[in-house]
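> Quick one: this structure, given as structure tokens, is what I'll be asking you about.
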Amino acid sequence: MKSQTIAPKRWWFIMPIVFITYSLAYLDRANFSFASAAGINDDLGITKGMSSLLGALFFLGYFFFQIPGALYAERRSVKKLIFWCLILWGGCASLTGVVSNIPMLAAIRFVLGVVEAAVMPAMLIYISNWFTKSERSRANTFLILGNPVTVLWMSVVSGYLIESFGWREMFIIEGIPAVIWAVAWWFLVQDKPDQAKWMSESEKAALQAQLQKEQEGIKAVRNYGEAFRNRNVILLCLQYFAWSIGVYGFVLWLPSILRNGSQMGMVEAGWLSAVPYLVATIAMIVVSWASDKTQNRKLFVWPLLLIGALAFLGSYLVGSSNFWLSYTLLVIAGGAMYAPYGPFFAIIPEMLPRNVAGGAMALINSMGALGSFVGSWIVGYLNGATGSPAASYIFMGAALLASVWLTLIVKPAQNKTSPPMHGAKHA
């Protein structure tokens, strides 16, 4: 428990920065769903099938550049990488507001995916440099909270911006904060604790000793090839692929599903779209705290994904004729799908040594991006082809059930984390 008292100020210095950065990445990724619900398709002559592909193109760019981004972050600098990413993705997001044809929009969506690809693995690497095992699930959760909290306020703000100005102005306005934040990031962030002027030498030494001690109990892995062939890494890649199908099918198409389910305006759809993310935010904080307290990661992943799957299937069974019950089940599905992120991303650095953990997290996250591509494309296609969200609920529910099974057969190396206790005696 001593690790709890190492420089508590780290939370106050680092977490707000991490949270804001990931929030801005998420803002410029998810607002496309509001443009889709607000008429971008009619204005640019986009068919329903093309719309789902455009929404999904982002994830293709995101898929290909995860591992290169993680390698640069691990071997060079998280600070420099994220600085340039912020400027580029803010610019791309604003440029979406001035597109006049489909190829231009497709190119911008793909490039946006490329420049945002590095954010998640780089931030997870950054957190693992600053926080110990007993803190990591909570630290990861503060990072990933940027996702539902952003969608929470973005759902409301985007609804108002579209209502007041239009979808073009929404993109232009929402891209600017990332560019401004890049300047703040550059002056606020240090890559490693030993570069921090706000920590005392004794705090730096204590943190470094604790992080080093945690590495002693993990079996050595020579290189990325060996790490990527690890049974658990392969299972977690498949698990995250299936999980992401549910999450991104939900995120990208919720406003459209709501508007089709009952004839409502953009502001109402914005407010109703926000509720699942409020539930998700609370659930994520509670689950990550419990996971760090018990040091049991899997127990806080699969049961929640099972609840999400059952809620999707329940929403399908209820049908759009009972809008409010169907909507309540979607709120439960959203909250349950988001809650396990913190514990999930704490599994990897506890199973693999630091020299390969970042690359493994990037590989897993890239498979999540591929799942997101499949989920957002197929959910959009099913909604368009069938004229109702029923088929897509079944698809998302089935994907989540697959992720539950894959989580259950992962075997975390629990026994590997006990040797540091012996090391503590002769440390």
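> Quick check on my filter: what residues within segment 29-52 are of a type outside the set (A, V, I, L, M) and either in contact with a Pro (Cβ under 9 Å, 6 or more places away or on another chain) or open to solvent by 10 Å² or more (accessible area, probe 1.4 Å) (or both)?
Ser33, Phe34, Ser36, Gly39, Asn41, Asp42, Asp43, Gly45, Thr47, Lys48, Gly49, listed by residue number.
> Can you give me the number of residues within segment 169-195 that are farther than 30 Å from Pro340 by Cβ and at pLDDT below 90?
Qualifying residue count for the region: 2.
> Of all residues being aromatic (Phe, Trp, Tyr) and under 19 Å from Leu304 (Cα atoms) in segment 319-355, which is surrounded by the fewest Cβ atoms within 10 Å (Cβ to Cβ)? Just the residue, please.
Applying the filter and picking the extreme gives Tyr327.
> Determine which single condition Met104 fails, assuming it passes every other condition in (1) open to solvent by 10 Å² or more (accessible area, probe 1.4 Å); (2) in contact with an Asp or Glu (Cβ under 9 Å, 6 or more places away or on another chain); (3) more than 30 Å from Ile348 (Cβ to Cβ).
So the condition that Met104 fails would be (2).
> Kindly indicate whether Gly90 is of a type outside the set (Asp, Glu), in a helix (DSSP H, G or I) and touching a Pro at 6+ places or on another chain (Cβ under 8 Å).
So Gly90 fits the description; yes.
> When residues of segment 356-392 are filtered for being open to solvent by 10 Å² or more (accessible area, probe 1.4 Å) and either outside any helix (DSSP H, G or I) or over 26 Å from Val114 (Cβ atoms) (or both), how many remain?
10
> For segment 110-129, indicate whether the set of residues that are farther than 25 Å from Gly371 by Cα, touching a residue at least 24 places away in the same chain (Cβ under 8 Å) and not in a helix (DSSP H, G or I) is non-empty.
There is no residue in segment 110-129 that is farther than 25 Å from Gly371 by Cα, touching a residue at least 24 places away in the same chain (Cβ under 8 Å) and not in a helix (DSSP H, G or I).
Table: residues versus (1) in a helix (DSSP H, G or I); (2) under 17 Å from Pro276 (Cβ atoms); (3) open to solvent by less than 30 Å² (accessible area, probe 1.4 Å); (4) touching a helix residue (DSSP H, G or I) at 6+ places or on another chain (Cβ under 6 Å).
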site	(1), (2), (3), (4)
Val151	yes, yes, yes, yes
Ser155	yes, yes, yes, yes
Ser158	yes, yes, yes, yes
Ile162	yes, no, yes, yes
Phe171	yes, no, yes, yes
Trp186	yes, no, no, yes
Asp194	yes, no, no, yes
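> Cβ contacts < 6 Å: first residue more than 11 Å from Pro353 (Cβ to Cβ), restricted to segment 212-227; second residue surrounded by 10 or more Cβ atoms within 10 Å (Cβ to Cβ), any location; separation 6+ or different chain. Result?
Lys213/Pro420; Lys213/Gly423; Tyr224/Val356; Tyr224/Gly359
> Out of the residues in segment 6-16 meeting the condition of being assigned to a helix (DSSP H, G or I) and over 16 Å from the mean Cα position of the chain (by Cα), tell me which one is surrounded by the most Cβ atoms within 10 Å (Cβ to Cβ). Working first, answer last.
So the first thing to find is which residues in segment 6-16 are assigned to a helix (DSSP H, G or I), and the list is 9-16.
Then keep just the ones that are over 16 Å from the mean Cα position of the chain (by Cα); that gives 9-14, 16.
Working: Lys9: 12, Arg10: 19, Trp11: 15, Trp12: 10, Phe13: 16, Ile14: 23, Pro16: 12.
Applying the filter and picking the extreme gives Ile14.
> So, one more: Please identify the pairs in which a residue from segment 181-201 that is over 24 Å from Leu27 (Cα atoms) has its Cβ atom under 9 Å from the Cβ atom of a residue that is among the β-branched types (Val, Ile, Thr), counting only partners at least 6 apart or on another chain.
These pairs meet every condition: Asp191/Val78.
> Ile6 - would you say it is touching a residue at least 60 places away in the same chain (Cβ under 8 Å) and closer than 29 Å to Asn365 by Cα?
no
> Are any of the residues in segment 27-49 under 17 Å from Val379 (Cβ atoms), of a type in the set (Lys, Arg) and either within 15 Å of the chain's Cα centre (by Cα) or modelled with pLDDT of 80 or more (or both)?
Yes: segment 27-49 contains one or more residues that are under 17 Å from Val379 (Cβ atoms), of a type in the set (Lys, Arg) and either within 15 Å of the chain's Cα centre (by Cα) or modelled with pLDDT of 80 or more (or both).
> For Lys48, all conditions in the list (1) farther than 30 Å from Gln208 by Cα; (2) basic (Lys, Arg); (3) touching a Phe, Trp or Tyr at 6+ places or on another chain (Cβ under 7 Å) hold save one; what is the number of the exception?
(3)
> Another question, if that's okay. Please go through segment 113-146 and pick out each residue that is hydroxyl-bearing (Ser, Thr, Tyr) and either touching a His at 6+ places or on another chain (Cβ under 8 Å) or surrounded by 24 or more Cβ atoms within 10 Å (Cβ to Cβ) (or both).
Tyr126, Ser128, Ser137, Thr141
Quick grid of which residues meet (1) assigned to a helix (DSSP H, G or I); (2) within 25 Å of Gly368 (Cβ to Cβ); (3) modelled with pLDDT of 90 or more:
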{"position": "Lys197", "(1), (2), (3)": "no, no, no"}
{"position": "Leu211", "(1), (2), (3)": "yes, no, no"}
{"position": "Gln215", "(1), (2), (3)": "yes, no, no"}
{"position": "Ile218", "(1), (2), (3)": "no, yes, no"}
{"position": "Val221", "(1), (2), (3)": "no, yes, no"}
{"position": "Ala227", "(1), (2), (3)": "yes, yes, no"}
{"position": "Ile234", "(1), (2), (3)": "yes, yes, yes"}
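The values are calculated or read from the model by the stated rules, or taken from the named source; none is laboratory data. If you're wondering where the values come from, they're calculated on a predicted model, not measured in any experiment. Please note: Cβ atoms are built from the backbone with ideal geometry, for glycine as well, and neighbour counts cover all protein chains shown. For accessibility, only protein heavy atoms count, side chains too; no ligands or nucleic acids. Shrake-Rupley method; radii C 1.70, N 1.55, O 1.52, S 1.80 Å.
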